[in-house]
Amino acid sequence: MKKHILITGGAGFIGSHVVRRFILKYPQYQVINLDKLTYAGNLENLKDIESSDNYHFVKGDIGDAELVRDIFDRYSIRYVIHLAAESHVDRSITDPLAFIKANVLGTVNLLNTALDKWGPSFNGLFYHISTDEVYGSIKAPGLFTEDTSYDPKSPYSASKASSDHFVRAYHNTYKFPVVISNCSNNYGPFQFPEKLVPLCINNIKNQLPIPVYGQGENVRDWLFVEDHAAAIDLIFHKGVVGETYNIGGNNQWKNLDLVKLICRVMDKKLRRSNSDKLVKFVTDRPGHDARYAIDAGKIYRELGWQPSVDLEQGMEKTIDWYLNNEDWLNHVTSGEYQQYYRGQYQS
Ligand code: NAD
Ligand code: DAU
């Protein structure tokens, strides 16, 4: 079937993997990537597919009502995969309003436009991409299920929780066709190096301190980004309207253990030793969630999804990619990121 799909945030980390997958796997679909190109959005992430006949890029803000209406009209949009967001917890602590504007108001603007344009039959799908952080923190050995109550603790997760609630409210109130997924921490190629994994790789490469918040005891549940993109593909095509799916790799690691794993793999690849000496324990993130852990049983059972790689395999692939893509890394660390980095850790 011919589909015109609006993918928001397609120039970001996860979005670029989703756009690439859809462009290559579904040449019969037209993919329209709407992205504001913030510091985290980068068209270099999509260089290999940018001249594909089924790819269209629009630079703009999901909160711009006129622009979004125009895109829906021009491309007869019937499907939305919504990834655009401010995504970094630390930034949400210093500028919460930016997160409310992008994540809450931006999402509601997309919902309103689709509600208005799709008419009473609502022949389409609004797929909202969310995070496990909406559930708050969970003590071991507990796992977040789709029924876990929302308990967001950071401005970022509060903004994502709010957007999830609006998506569900539109389904409940207007019978608007939605599906939501909540995923754990992603890692892989094209992730902006403010997040733990690429920050660590970049700093080891450059022999800089690796900032570990608190004692490095916090636990995150890690998933290779291409496995997330595969889950999104599956949910988009087979997910049941109105449902929520948790996505996670069952890879719960303490931050310090993960950092040490990255040090070991980097040492092996760079023929070095003792990169773990670069670890520097720094002031903890305010309100730092202790533990995230996802029960992805529903998507395993109902849609047959499984991660394709474990953390060690995924980390090897990721580190190889960063070491082979120095230009990308140098480019993205040369601008606004440098200011942010200096601001945060030089004291
Ligand atoms: P990212 O920061 O790498 O990319 C976000 C993209 O959205 C960028 O290209 C940016 O330019 C764009 N964007 C931001 N504000 C915009 C706006 N107002 N209008 C248009 N475009 C805008 O983020 P990511 O890590 O790829 O995350 C993508 C989505 O997945 C987010 O919704 C995030 O909450 C969710 N998520 C991320 C993870 C993770 O581990 N990274 C895990 C679960 C869910
Ligand atoms: O769980 C899904 C979420 O994962 C996504 O919704 C977010 O968009 C994504 O950014 C990520 O959030 P985290 O806050 O978990 O990711 P981050 O890479 O910033 O941090 C991972 C852990 O490492 C966290 O416990 C904080 C810690 N950390 C982070 C940085 C940047 C450090 O110890 N040092 C650091 O320098």
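A few remarks follow.
- Evaluation of LYS47 against the conditions (1) open to solvent by less than 30 Å² (accessible area, probe 1.4 Å); (2) more than 23 Å from ASN123 (Cβ to Cβ) shows that the sole unmet condition is (1).
- Residue match in the range 97-111 (condition: part of a helix (DSSP H, G or I), open to solvent by less than 10 Å² (accessible area, probe 1.4 Å), under 19 Å from VAL179 (Cα atoms) and of a type in the set (Ser, Thr, Tyr)): yes
- When the range 218-260 is filtered for residues that are farther than 15 Å from MET315 by Cβ and part of a loop (DSSP other than H, G, I, E, B), the ones remaining, listed by number, are ASN218, GLY239, VAL240, VAL241, GLY242, GLU243, GLY248, ASN250.
- Among the residues of the range 73-89, those that are in contact with a strand residue (DSSP E or B) (Cβ under 9 Å, 6 or more places away or on another chain), open to solvent by 10 Å² or more (accessible area, probe 1.4 Å) and more than 9 Å from ligand 1 (Cβ to nearest atom) comprise ARG74, TYR75, SER76, ARG78, TYR79.
- Only residues that are within 12 Å of ligand 2 (Cβ to nearest atom) and of a type in the set (A, V, I, L, M, F, W, C) were counted in the range 179-200, giving 6.
- Tabulated pairs, the range 7-36, first more than 15 Å from ALA229 (Cβ to Cβ) and of a type in the set (Lys, Arg), second in a helix (DSSP H, G or I) and open to solvent by 30 Å² or more (accessible area, probe 1.4 Å), C-beta under 7 angstrom, 6+ apart or interchain: none
- Residues satisfying the stated conditions in the range 112-150, i.e. of a type outside the set (Lys, Arg) and open to solvent by 60 Å² or more (accessible area, probe 1.4 Å): ASN112, ASP116, PRO120, SER121, ASN123, ALA140, PRO141, LEU143, ASP147, SER149
- Of the criteria (1) at pLDDT 95 or above; (2) open to solvent by 30 Å² or more (accessible area, probe 1.4 Å), which one MET1 fails: (1)
The values are calculated or read from the model by the stated rules, or taken from the named source; none is laboratory data. Computed from a predicted structure; not experimentally measured. Every residue, glycine as well, gets a Cβ built from its backbone with ideal geometry; the counts of neighbours run over all protein chains shown. Side chains are part of the model used for accessible areas, which takes the heavy atoms of the whole protein and leaves out ligands, DNA and RNA. Shrake-Rupley method; radii C 1.70, N 1.55, O 1.52, S 1.80 Å.
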